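Following: one structure in structure tokens, then a few remarks.
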Amino acid sequence: MSDPAPPTQPAAAGDSLVDLHGRSPWSMLPALLVGFFMIMLDTTIVNIAVPSLVSSFDAGLVAVGWVNSAYLLSYAILLLVAGRLGDRYGPRPMFIAGLAVFTAASLACGVAPTIGWLIAARAVQGIGGALVTPQTMTLITRVFPERQRGTALGLWGTIAGVAAIAGPLLGGLLVETIGWQWIFFVNVPVGVVALWLAFRRLPVLSTQARTLDLVGVGLSVVGLFLVVFGLQEGSTYDWGTIAGPVTVWGVIGVGLVVLVVFGLLQARRGEDALLPMRLFRRRNFLLGNVAGAAVTFAMIGIYFPIMLYLQEILGLSAIHAALVDLPGSVISAAVAPFVGRLSDRMPGKWIVATGFGGMALGVAWLAGWTDVERTAWHLVFPLALFALGVTAVMSPLSNLVSAGLEASTAGAASGAFNMTRQVGGVIGSAAIVVMLSARAAVEIPAMARSLADGLSAQGREVFLQALASGGLSQGTSGDVTLPEGTPASVVAEVHAAAVQAVHTGFAAATAQTMLLACAVVVVGLLAGLAMRSGAEPARAAVAVEAG
């Protein structure tokens with residue numbers, strides 16, 4: 001395939017920014033979207049297979065938990081580096097390399113003979129995913145003309161939402177029919193198709209020969225690893241000691257110090273920096289990263305406690321719980337392209353603000369309706385409103401962040417934006433787990449003390465003993481250990497009170513936890529309102545080539 005010279009004249013409005021040899025820029029989207037869908041699918045598909053993995057490998061929950069943690073950790077910490085590698089070597093080769101690594105690692109996951117093998121293969125999968133993700137946004141930003149970019153980014157944003165809901169559903173179907181191995185094997189033919197499309201359809205974009213900031217790479221990887229590991233695994237160690245003198249908060253603190261040093265050195269390196277700090281002098285880029293982190297925080301912030309509530313309190317199976325969110329996801333998938341087109345025709349900040357408003361209303365609605373008296377159907381409507389809000393935010397926000405960026409920093413900007421979103425989710429997961437646990441430890445005993453007044457004298461005594469031992473604040477089953485010889489009538493009375501206390505208290509804790517997510521959404525709303533309506537002017541022309 002020959003490489004024609006770059007065009008000497010700027011592209012006309014509505015024309016592609018790159019010579020695609022007569023093809024439309026839309027011709028490259030299938031490769032990007034198929035690859036991105038596969039990457040995002042694997043962030044959630046493994047969760048539902050945890051019981052099968054425990055049984056298959058005869059492993060503990062902590063070890064099996066690392067099957068997901070290893071993927072998310074390597075994925076998050078390498079996004080920034082991967083984006084800059086796209087600037088240095090071109091997004092096309094980085095996309096293809098990442099897709100090849102991800103596909104091969106998926107095969108290795110499926111044939112894993114031990115849990116250690118599977119964890120290592122998942123970490124390699126995360127490396128492949130990190131290489132792919134920033135290039136998808138970079139290619140859309142650099143190839144699509146401005147008047148079509150919002151629609152293309154709308155489809156890109158839709159993929160993330162559809163993959164998030166498809167993960168548990170597809171995973172449950174595969175695990176229950178042909179085995180957990182197929183949640184990984186399914187990636188192999190999909191990856192091969194995506195690679196074929198990538199080789200045939202993705203354009204070769206011009207690059208600028210700059211030295212790779214190896215010191216910046218090392219500092220960013222170490223700093224992000226320590227912070228993300230601490231936040232992601234903090235609850236595993238009860239936010240205390242990891243080993244010897246090493247504590248969770250110590251790890252996070254050292255990571256933050258390393259990242260501060262990284263930022264100071266980046267400011268001194270200028271254009272050769274891994275992350276050019278002048279990007280943050282652009283109002284939309286800075287505020288867009290804040291808003292992007294808020295979106296992902298909120299998504300993790302509501303779905304984790306709500307899925308627990310649906311399964312543990314309302315008694316739904318994992319697949320049925322995932323189905324509660326299906327209507328909202330389907331509506332969002334249908335609406336996303338129209339949101340993208342709308343963002344091509346009006347200032348994106350107002351669409352972003354409207355989306356955050358919908359998200360805030362949806363979360364507040366969930367907080368008001370999360371109690372033991374509701375059914376699963378009551379949550380379909382606020383979840384659908386929240387999903388629509390996310391859809392309204394994602395593509396216009398991506399467009400606002402990327403608009404006007406020059407080609408030399410498009411990959412770095414994309415990597416930073418995606419890294420910020422991912423870290424926002426990690427922070428959200430940690431914060432929500434902490435708050436949910438803390439509020440449950442308060443609400444469940446408070447409800448139990450209230451219910452104790454209505455029990456018989458003997459029932460009240462054994463019930464308060466169970467409460468004093470802390471048993472009611474652990475889990476959501478309401479099981480209590482009673483003294484031998486307790487009359488059957490008292491056992492039944494105490495058990496009923498325990499179940500009611502745990503379920504009512506946990507539902508109240510879930511509703512209160514929603515308010516934290518709502519507050520973060522409001523921060524995103526304020527960031528969106530503070531953004532500029534139009535694109536900030538680029539300082540350098542976008543130079544591209546096709547191949």
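Listed values, structure above:
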{"quantity": "Considering residues of region 65-97 that are touching a Ser or Thr at 6+ places or on another chain (Cβ under 8 Å) and small (Gly, Ala, Ser) only, the residue surrounded by the fewest Cβ atoms within 10 Å (Cβ to Cβ)", "calculated": "Gly65"}
{"quantity": "Residue check, Met447 part of a helix (DSSP H, G or I), farther than 30 Å from Val143 by Cα and either free of Cβ contacts under 8 Å to residues at least 60 places away in the same chain or outside the structural domain of Thr158 (by TED's automatic domain parsing) (or both)", "calculated": "yes"}
{"quantity": "Number of positions in region 415-444 that are within 14 Å of the chain's Cα centre (by Cα) and either at positive phi or of a type in the set (S, T, N, Q) (or both)", "calculated": "4"}
{"quantity": "Helices (runs of 4 or more DSSP H) within region 247-356 that include 3 or more residues closer than 20 Å to Ala413 by Cβ", "calculated": "248-269, 283-308"}
{"quantity": "Residues (part of a helix (DSSP H, G or I) and either buried (at least 21 other Cβ atoms within 10 Å of the Cβ) or at pLDDT 90 or above (or both)) located in region 191-215", "calculated": "Gly191, Val192, Val193, Ala194, Leu195, Trp196, Leu197, Ala198, Phe199"}
{"quantity": "Inter-residue pairs, beta-carbon under 8 Å, first without any contact (Cβ under 8 Å) to a residue 40 or more places away in the chain and in region 60-89, second in a helix (DSSP H, G or I), 6+ apart", "calculated": "Gly60/Val54; Leu61/Val50; Leu61/Val54"}
{"quantity": "Number of positions in region 418-452 that are closer than 30 Å to Leu153 by Cα and either in contact with a Pro (Cβ under 9 Å, 6 or more places away or on another chain) or surrounded by fewer than 17 Cβ atoms within 10 Å (Cβ to Cβ) (or both)", "calculated": "3"}
{"quantity": "Options Val132, Val124; residue that is within 20 Å of the chain's Cα centre (by Cα), under 22 Å from Val192 (Cα atoms), surrounded by 23 or more Cβ atoms within 10 Å (Cβ to Cβ) and of a type in the set (Val, Ile, Thr)", "calculated": "Val132"}
{"quantity": "Failed item, numbered, when Trp180 is tested on (1) modelled with pLDDT of 80 or more; (2) assigned to a helix (DSSP H, G or I); (3) farther than 19 Å from Phe417 by Cβ; (4) in contact with a Leu (Cβ under 8 Å, 6 or more places away or on another chain)", "calculated": "(2)"}
{"quantity": "Single unsatisfied condition, Ile242 versus (1) touching a residue at least 60 places away in the same chain (Cβ under 8 Å); (2) surrounded by 15 or more Cβ atoms within 10 Å (Cβ to Cβ); (3) not basic (Lys, Arg)", "calculated": "(1)"}
{"quantity": "Helices (runs of 4 or more DSSP H) wholly inside region 31-112 that include at least 1 residues being within 19 Å of Val221 (Cα to Cα) and modelled with pLDDT under 90", "calculated": "61-89"}
{"quantity": "Qualifying residue in region 141-154 (condition: crowded, with 21+ Cβ neighbours inside 10 Å, of a type in the set (D, E, K, R) and either closer than 30 Å to Ala321 by Cα or over 22 Å from the mean Cα position of the chain (by Cα) (or both))", "calculated": "yes"}
{"quantity": "Which listed residue, of Leu400, Leu455, Leu464, is crowded, with 21+ Cβ neighbours inside 10 Å and in contact (Cβ under 8 Å) with a residue 12 or more places away in the chain", "calculated": "Leu400"}
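The values are calculated or read from the model by the stated rules, or taken from the named source; none is laboratory data. On a predicted model such as this, the values are computed, not experimentally measured, just so you know. With ideal geometry, Cβ positions are generated from the backbone for all residues, glycine too; neighbour counts draw on all protein chains shown.
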